[in-house]
Amino acid sequence: MLSIIQAAGWPIWPPVACSILAMALIIERFLSLKTAKIAPPRLLDEALAVSRASVPSPDVVTQLEQNSALGEVLASGFRALNSDPRCSEADLRASMEQTGRAVAHRLERYLSALATIASAAPLLGLLGTVIGMIEIFGSQAPTGGGAGANPAQLAHGISVALYNTAFGLIVAIPALIFWRYFRGRVDAYLLTLELAAERFARHLNTLRRG
């Protein structure tokens, strides 16, 4: 592999850098988008149970907020009631929606960078191939009697230049696959958070009236 990179020349280094960055982003997203960190399955039911009679204490709210992304959204509703028990339903929902937008932005972090790598890597590989071909044909200077090109050397040079395109595709295809995977996962999480927040807002509104 190292010999191929060395043979392909300097144009292959941008796709290599993209591959390293894409790998780092994929690992980071896998670690950050775990279900336990975003929307634990029983968290909503536990929050409803602990607030069935009244709003829990600030310590419990803080613990909920640190639990997960869903916990942050639910805790923002508790904090709105703690700060103003007579707050309107619109203010209550606005507080949870504001936290939800911040959480959504955090879930989508680095996805645009991964999509950019998936789009740019093939172009970088093609650029390397074009540069390599220019250098190859430029070095095949005609001699006095004819073309003067060495077919074996020319074929080898072309194959080396095409390594750039191949490497660009090798980087782009996994990046595209993982971007689509993470995009779908984030969309599913956002739907879960939205439905949970809507159910929790109705519960808090009932609690506020009581």
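Values quoted throughout were computed directly from the atomic coordinates according to the rules given, and no laboratory measurement underlies them. Quantities reported herein were computed from a predicted structural model and do not represent experimental measurements. Cβ: placed from backbone, ideal geometry, glycine included. Neighbour counts: every protein chain shown.
Straightening the chain between Arg101 and Ile20 buys 26.1 nm, computed as 0.36 nm per residue apart minus the Cα-Cα spacing.
Scanning the chain for DSSP H helices at least 18 Å long along the axis (C-alpha atoms) with a Kyte-Doolittle mean no lower than -1.0 picks out 13-32, 69-83, 89-107, 111-139, 151-209. Think of it as helices only: each DSSP H run of n ≥ 4 in the chain is worth -39500 (n - 2.57), and spread over all residues that comes to -27500 deg cm²/dmol at 222 nm.
Each peptide in 19-26, 115-122 gets a packing score, the mean of other Cβ atoms within 10 Å over its residues, and the list from highest to lowest is 115-122, 19-26. Extents of the range 2-209, taken as max minus min of Cα coordinates on every principal axis and listed largest first, are 98, 27, 21 Å. Ranked by the mean number of other Cβ atoms within 10 Å per residue, highest first, peptides 51-58, 32-39, 92-99, 129-136 order as 92-99, 129-136, 32-39, 51-58. Among Cys87, Cys18, the order by Cβ neighbours within 10 angstrom, fewest to most, reads Cys87, Cys18. The value of relative contact order for the chain, using C-alpha pairs under 8 Å at least six residues apart, is 31 percent.
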